[in-house]
Every structure is written in C-alpha cells, then in structure tokens.
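S.K.: My questions all concern the structure below.
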Amino acid sequence: RSLHRAPNTCVYMLSCLVLTAGCWQGAPWPTLRPIGTIETCFTEKFATPRQGAVVPDALARLKLDTLEDGVDARAALDGLEAYSHVWLVWAAHLNGHAAARAKVQAPHLRGGRTGVFATRSPFRQNPLGLSLVQLRGIQGDTVLLSGVDLVSGTPVIDLKPYIPAYDAPAPGSTCRTADW
C-alpha cells in the first residue's frame, strides 16, 4: 500500500529502522518523523528523474504539516528565505521491500553491479535520500521548490540550507568521481 497516504505507517517504518539500529553512544536513537510530504508533478516512481539537476523547472511544494506538537512551522522556516538552495532528506517509501544489498545495478554500468555505497540508489540499508533543490519561496507553512526529483507524496524527514562554504569541497581540493 502507498505509505504517503498513511503518515502513521511511514512513521512506523522509520521507527523500525531506528529501533533496529540499537543505541548510539549509550543513548536511544530518536525516532525519525517526517516534517511533511512533498507535492510534485511526478506521480510514479519509474517516471521520476534520478537527479533534480536534470529537471530544473520541476516545481514542488513542501507543506510542513507533520511537525512535532507545539512546533510552529512558520517560525521554523524563519530565515530560510535568505538561501537559494536547500537539502531535502527524504524517505524512499516506495521501495516496497527490504532493500539492503551489498551490490546494486548502477544505470551507467549498463547492467553491471557495484557496491551500494558507490551509488545514489535508494535501495540501501536505511532508505533515505538526499536532494539538493532550489528554494523558490515560502508561503506560510509551505516551501516552494524547483529542480525536485521526488515522487509526489514522498515523506520529507528534514530540510537544511545549502551553504557552499560548507557543502562544497574546499577550494583547491581535488574532486573525483567514478568514470562510469
């Protein structure tokens, strides 16, 4: 069944992930709860682009409607309008099965397999995704975005500003990527 239509199920799924992780430095790991679900033009998993940079004009709305009790969405968004881009941390809720595998098929390998941590695949031990998107504006408790690569209804776990000085490699450092 579709988890984006049952937010409690999504919270349960994320809680199970966290509970199986045990404790972290002696303290219980907190339960991850979505801050909202995203509304996009993409309705099917296999029709959604792999990266938002491929579709810079794809618009989306993120309504912060599942914050903890007492957290005011408008206050939580205060100051975010100063940024041009934000990171979205999201749950790959449409995987549909336990997806932890050491090797996965990478699109550029034409059927070949590589280690899951060498890919951006959502099929991983913790089905979380990370997308860099453009911030177009804020309307009350809703964030307007573009360049989004998510299926409509995807639970968003967190939203963080993109800060080039921290999020990009240090000036003069060498960046490398796989040649495939």
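S.K.: Rounded if a/c is under 1.5, else prolate if a/b beats b/c, else oblate: with a ≥ b ≥ c from the C-alpha gyration tensor eigenvalues square-rooted, which is segment 81-180?
M.R.: oblate
S.K.: What does the charge dipole of segment 59-148 about its Cα centre add up to, to the nearest 20 debye, if the Cβ of each Lys and Arg holds +1 and the Cβ of each Asp and Glu holds -1?
M.R.: 900 debye
S.K.: Please give, to one decimal in nm, the separation of the simple spin-label points placed at A165 and L130, each 7 Å out from Cα toward the Cβ.
M.R.: It works out to 2.0 nm between the two label points.
Each value in this text was obtained by applying a stated rule to the coordinates, not by laboratory testing. All values derive from a computational prediction rather than experimental measurement. Positions of Cβ are backbone-derived with ideal geometry, glycine not excepted, and every protein chain shown enters the neighbour counts.
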